[in-house]
Amino acid sequence: MIFLLVTLVLIGAVISLYINLHPVFGRNPSNEQKEVYKTFDNYVNGKFVYQSPPKSTITSTFKNSKSSSKDRRPVEIPVSEIDWNKINNKEDSLTWFGHSAFLLSIDNKKILIDPMLGRIASPVSFVGPTRYSEDMLDIIEDMPPIDAVFITHDHYDHLDYPSIRKLKSKVGHFFVPYGVSNHLIRWGVEKEKITELNWWEDTSFQGLNIALTPSKHFSGRGIFNRNSTLWGGWVIVGKQTRFYTSGDGGYDAHFKEIGEKYGPFDIALIEGGQYDRRWSWAHMFPEESVQANIDVKGKNMMLMHWGAFTLANHGWSEPIERALKEAKKNDVNLIAPRIGETVPLIESLSTPVTSWWEI
């Protein structure tokens, strides 16, 4: 018995040491930062919180899904060759890299959203969700200089250590929710190149108007630092395009508030690709995603958080199929470009849905 206890203590010490020493876990907010956070309405008892307490319904995953769990991962996935000429011209456009990673061209500025381009959404290389395709880290070499990177939260499928390390030298500025700067600084990003915001805070950047918006989610990269950093969605408004990305999060009243305060949006990226009744407070079902787009007044919608990693027990293409059905029912213009495809952001997007995922 004593031997078992000693073994467990040693294992715990090794894990704790690994978390503290390995940079992939980032860095926790300092005591000085926590004193600032205490002045925030959304920081309670040492943790960031959503306005209402989350509720979880424990129900079988399979009752949520209309497809078999054997379809959770594609045998292969088509990825379009990236057209850098389209990206580099002066027209507003959007390019999807799978999951929640996008390159937004707006007012001739290049903006990366949650650039998770690595192979695995995990702090270790041998356990965790792996990308359907090869990793996309090599495309960083071909990217034009990036004016800004926007991070929605610090989970591994959104904030990727290898991607940031490779990107940081060609990025002008980083915009993050409070606390996330600590990770970036540990990874070599200069503090002066980072702006942190709280929910409903606005700022400007090279002529763009920017705001961090609430989402019903959580944060944390380690075992003991859940909700130590903030999370959210982003509003980016240019001369011609009003852009919104929801970040991760469950459906709630904040979407209508966002629509009233910042809408309408020419394009709204709404998460809805990794759902389960057991965590419905933290992730939306596709039908809720369509309603969220209606709430924020999105003229055009794109479903995100799918197409790269399997994080839930439903078919990998089920999210887009369910979202398209719901969008048609509600007269919502839902676009579904291929991974790697660049879509011009014009007044009314008419990109035909080709069901490219039916492979």
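The values are calculated or read from the model by the stated rules, or taken from the named source; none is laboratory data. If you're wondering where the values come from, they're calculated on a predicted model, not measured in any experiment. Cβ: placed from backbone, ideal geometry, glycine included. Neighbour counts: every protein chain shown.
A few notes on this one:
- Selection from segment 150-164 of residues that are in a loop (DSSP other than H, G, I, E, B) and out of contact with any Leu (no Cβ under 8 Å at 6 or more places or on another chain): Thr152, Asp154, His155, Tyr156, His158, Leu159
- Considering only residues in segment 328-347 that are among the hydrophobic types (A, V, I, L, M, F, W, C) and part of a loop (DSSP other than H, G, I, E, B), the one that is surrounded by the fewest Cβ atoms within 10 Å (Cβ to Cβ) turns out to be Ile346.
- Contacts under 6 angstrom Cβ, first residue in segment 265-287 being closer than 15 Å to Gly247 by Cα, partner among the hydroxyl-bearing types (Ser, Thr, Tyr) and assigned to a helix (DSSP H, G or I), 6 or more apart: Ile270/Ser289; Gly272/Ser289
- Qualifying residue in segment 138-154 (condition: touching a residue at least 60 places away in the same chain (Cβ under 8 Å), of a type outside the set (Lys, Arg) and surrounded by fewer than 20 Cβ atoms within 10 Å (Cβ to Cβ)): yes
- Test: residue in segment 183-206 that is part of a loop (DSSP other than H, G, I, E, B) and among the hydroxyl-bearing types (Ser, Thr, Tyr): no
- Residues in segment 228-262 that are farther than 22 Å from Glu196 by Cα and either outside any loop (DSSP other than H, G, I, E, B) or of a type in the set (D, E, K, R) (or both): 6 in all.
- Filter pass, Gly179 being within 26 Å of Asp92 (Cβ to Cβ), in contact (Cβ under 8 Å) with a residue 40 or more places away in the chain and touching an Asp or Glu at 6+ places or on another chain (Cβ under 9 Å): no
- Given (1) in contact with a strand residue (DSSP E or B) (Cβ under 9 Å, 6 or more places away or on another chain); (2) more than 25 Å from Ser105 (Cβ to Cβ); (3) small (Gly, Ala, Ser), number of the condition Ala211 does not satisfy: (2)
- When segment 286-312 is limited to residues that are more than 19 Å from the chain's Cα centre (by Cα) and in a loop (DSSP other than H, G, I, E, B), the one that is farthest from Asp276 (Cα to Cα) turns out to be Lys299.
- Those residues of segment 314-323 which are touching a strand residue (DSSP E or B) at 6+ places or on another chain (Cβ under 6 Å) and either more than 23 Å from Met136 (Cα to Cα) or part of a loop (DSSP other than H, G, I, E, B) (or both), in sequence order: Ala323
- Only one entry of Ser100, Ser125, Ser181 meets the criterion of being at pLDDT below 95 and either basic (Lys, Arg) or within 19 Å of Gly26 (Cβ to Cβ) (or both), and that entry is Ser125.
- In segment 285-298 there is at least one residue that is modelled with pLDDT of 95 or more and of a type in the set (Ser, Thr, Tyr).
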